[in-house]
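Below is one structure, written out as structure tokens; comments come after it.
The values are calculated or read from the model by the stated rules, or taken from the named source; none is laboratory data. Since the structure is predicted, the reported quantities are computational estimates derived from the model, not experimental observations. As a convention, Cβ positions derive from the backbone with ideal geometry for all residues, glycine included, and neighbour counts pool all protein chains shown. We work out accessible area using only protein heavy atoms, side chains counted, and drop any ligands, DNA or RNA first. Shrake-Rupley method; radii C 1.70, N 1.55, O 1.52, S 1.80 Å.
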Amino acid sequence: MAKDARVEVVTILIAGENASFYADLDHGETRCVFHALTAKGPQRLIERPVWAFVDWVMDDLARLEMCRRLRSDTRTNAAQITMVLGSGLID
């Protein structure tokens with residue numbers, strides 16, 4: 001019996017420049033693709049489902065405005081949005 005060759009692609013949007021640090025991740029039948037999320041929104045074609053990680057402290061845009069923009073964009077209106085606090089560095 002032939003196995004179904006379809007792979008689910010999950011787009012992960014990360015606020016800031018950190019998205020460039022991550023390579024695509026293949027995990028069984030799921031492929032996670034990372035893209036940067038800027039104040040202008042996603043700058044590339046994206047596939048659903050979408051997970052968005054929005055930094056609570058953004059220099060160029062209010063974080064709640066970013067959430068509003070994600071919800072109003074037809075590409076990301078069903079995205080799972082997670083707010084994160086800073087870069088994880090502790091002073």
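I need the full set of residues from the range 1-17 which are part of a loop (DSSP other than H, G, I, E, B), modelled with pLDDT under 85 and surrounded by 10 or more Cβ atoms within 10 Å (Cβ to Cβ), in order please. Of everything in the range 1-17, just one residue is part of a loop (DSSP other than H, G, I, E, B), modelled with pLDDT under 85 and surrounded by 10 or more Cβ atoms within 10 Å (Cβ to Cβ), namely GLY16. Residues of the range 23-48 that are surrounded by 13 or more Cβ atoms within 10 Å (Cβ to Cβ) and either touching a strand residue (DSSP E or B) at 6+ places or on another chain (Cβ under 6 Å) or in a strand (DSSP E or B) (or both): ARG31, CYS32, VAL33, PHE34, HIS35, ALA36, LEU37, THR38, GLY41, PRO42, ILE46. Of the numbered criteria (1) open to solvent by less than 30 Å² (accessible area, probe 1.4 Å); (2) modelled with pLDDT under 85; (3) outside any loop (DSSP other than H, G, I, E, B), the one SER20 fails is (1). Quick one: in the range 53-67, of everything that is within 15 Å of the chain's Cα centre (by Cα) and touching a residue at least 40 places away in the same chain (Cβ under 8 Å), which residue is farthest from ILE12 (Cα to Cα)? Step by step, filter the range 53-67, then rank; the result is MET66.
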